[in-house]
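Below is one structure; the comments refer to it alone.
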Amino acid sequence: MKKSLFALALSAFALGAAEFVMMGILPQTAHAMKVSIPVAGNFISSYAIGVCVGTLILVFGRKIPPKRLIIIFIALIIVGNLLSALSVNAPMLIVSRFIAGLPHGAFFGTATLIAKSVAEPGKETKAVSMMVTGQTLANMLGVPAGTLLAEHLTWRMTFASLCAWAAVALVLSLVWLPDVPAIADAGIGGQFAFLRRRAPWLILGAVFFGNAGIFCWWSYVSPWLIKVGGYASESIPTMMMLAGFGMVIGGLIGGNIADHWRHAGTASIGQILSAVGLLLAFLVPGTTLTTAILTFWISFGLFFVSSPQQILMVDAGKGGGELIGGAAVQVAFNLGNAVGSIIGGMSLTATSGNYHTPALSGIPMALLAVALLIVYSVRHETHTGALQRMKLIHLPEVGSKPLDRG
């Protein structure tokens, strides 16, 4: 991995851990803040709302070179997680999580542009997937580690450790990131011109509904594993590691396939896998084995779609809207996160804590995401470049006569 991609992956690790660790430590933070599990879902939603609002940084910072933007975003990661570690009540933690979420979407939009610029021709999606691997490794290693800290020490140490990690990423980014020129200044309105077309909205809709469907279930994965799977709370870090492993493998495989095939077509495969996983999470009686398999399965699909969708939106924004396009994916992702968390919490409340129902409530949205990706692929990805990649092969001759080619 190039040093620049490694530096970006370290920052993505901090963001991924900050975003997803709350699912692993939700019971501890709910207890400490003296609120119920459904109410504690606001600690997840506030981060997601911060992601959406933080995209405005790119609107007014469009003339700032990408490297400098990355440094600003990492500084916000440090501030948000430090305040989270120091929170004394639920409102303060909600606000702190909002601040921690501000750089998220803007970071990934900017990091995608840098990753594409340093990638070898034809391997742009793979380069983006390597950057995003930092986020998926956060789920494999960072979230379990944070859950362990919360289980054996205090949840505050989880956020304090994220501050330290982000500080390291800040130093390495200063040293290793290239000085990529700022994008063409198309003005404030010009950055959003690409959104006048239908195609980007199909992708954003797929990202939103796909993640809303999955996060109905994923937001409450820790209590689901305990109540449905029969796991002890001490086993949750291990299960978070399994989920993270699924995300890492899914992200890398999705990125590699998309470099050789349709981007939206690739994403639709991952979304179908997730939708089937949600259906099984609702139908299959919970055991330690089935819940473990489904944890890996749905997590695999969740990040299988990531880099193809990210590349699609950056490409859609060419001409001044590249950063907004890349950030818009994360906005849609986290809006889906917030909506899914709320709907999942409502289903829990309506069924008096039946942890099978969050998965059921997410299935319709996951299927809608599949439909949107298929529509996009059929209408906007008919040219895949396959014919141009074909090579003429001359068969060897036998004796004085050429081989029969008929």
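The values are calculated or read from the model by the stated rules, or taken from the named source; none is laboratory data. Remember, predicted model here, so these are calculated numbers, not experimental data. Every residue, glycine as well, gets a Cβ built from its backbone with ideal geometry; the counts of neighbours run over all protein chains shown. Accessible surface is based on the protein model in full, side chains and every heavy atom, while ligands, DNA and RNA are left aside. Shrake-Rupley method; radii C 1.70, N 1.55, O 1.52, S 1.80 Å.
Which residue, L174, L58, L148, tops the fluctuation ranking in a GNM of the chain built on C-alpha contacts under 10 Å?
Highest fluctuation among the options: L174.
Please identify, among A160, A12, A48, the residue showing maximal mean-square fluctuation in a Gaussian network model of the chain using a 10 angstrom Cα cutoff.
Residue with maximal mean-square fluctuation among A160, A12, A48: A160.
If you roll a 1.4 Å probe over the heavy atoms of the protein chains, what accessible area per residue do you get for region 1-176, in Å²?
35 Å²
What does the charge count near A316 come to, summing +1 for each Lys or Arg and -1 for each Asp or Glu among other residues with Cβ under 12 Å from its Cβ?
With Lys, Arg at +1 and Asp, Glu at -1, the neighbours total +2.
How large is the dipole of region 1-176 about the Cα centre if only Lys and Arg carry +1 and Asp and Glu carry -1, each at its Cβ, rounded to the nearest 20 debye?
The dipole of region 1-176 has a size of about 460 debye.
Using square roots of five times the C-alpha gyration tensor eigenvalues, list the equivalent-ellipsoid semi-axes of region 187-381 in whole Å, biggest first.
Working from the Cα gyration tensor, I get semi-axes of 31, 17, 14 Å.
Just want to confirm a number: the relative contact order over the chain, from Cα pairs under 8 angstrom separated by 6+ residues, in percent.
Relative CO of the chain lands at 25 percent.
What do you get when you divide the Cα radius of gyration of region 286-342 by 2.2 N^0.38 Å, with N the number of residues?
Here the Cα radius of gyration is 1.50 times the empirical estimate.
Please tell me which of these pairs span more than 21 angstrom C-alpha to C-alpha: K2/K318; K63/K123; K2/K67?
K2/K318; K63/K123
How big is the dipole moment of the chain about its Cα centre under a simple scheme where the beta carbon of each Lys and Arg is +1, that of each Asp and Glu is -1, and everything else is neutral? Debye, nearest 20, please.
For the chain, the charge dipole is close to 620 debye.
Consider just the alpha-carbon atoms of the chain and return their Rg together with their Dmax, both in angstrom.
Here Rg and the maximum Cα pair distance are 21.7, 89 Å.
Ignoring ligands, DNA and RNA, please state the percent of accessible area on the chain from carbon and sulfur, probe 1.4 Å.
Looking at the chain in its full context, I get 71 percent from C and S.
Projecting each Cα onto the charge dipole of region 187-381 (Lys/Arg +1, Asp/Glu -1 at the beta carbon, about the Cα centre), which of A350, S222, S235 comes out farthest on the positive side?
A350
Net charge around V329, counting only other residues with Cβ within less than 13 Å of its Cβ (Lys, Arg = +1; Asp, Glu = -1)?
That works out to -2.
Accessible area per residue for region 187-381 in Å², computed with a 1.4 Å probe and the full protein assembly in place, what is it?
Value returned for region 187-381: 34 Å² of accessible area per residue.
Kirkwood hydrodynamic radius (Cα pairs, Å) of region 1-91?
So the Kirkwood estimate lands at 14.9 Å.
Based solely on its DSSP helices, what 222 nm [θ] is calculated for the chain when runs of n ≥ 4 H residues each add -39,500 (n - 2.57) and the sum is averaged over all residues, nearest 500 deg cm²/dmol?
-25000 deg cm²/dmol
Over region 231-367, calculate the relative contact order: mean separation of alpha carbon pairs under 8 Å at least 6 apart, over the residue count, as a percent.
Relative CO of region 231-367 lands at 30 percent.
Summarise the long-distance tail of P(r) for region 1-176 by giving the % of C-alpha pairs beyond 29 Å.
In whole percent, the share of Cα-Cα pairs in region 1-176 beyond 29 Å is 18.
For every other residue with a beta carbon closer than 12 angstrom to the beta carbon of A119, add +1 if it is Lys or Arg and -1 if Asp or Glu, then tell me the sum.
+1
What's the extension gain from A232 to A75 if we count 0.36 nm per residue and subtract their Cα-Cα distance?
Result: 52.8 nm gained on full extension.
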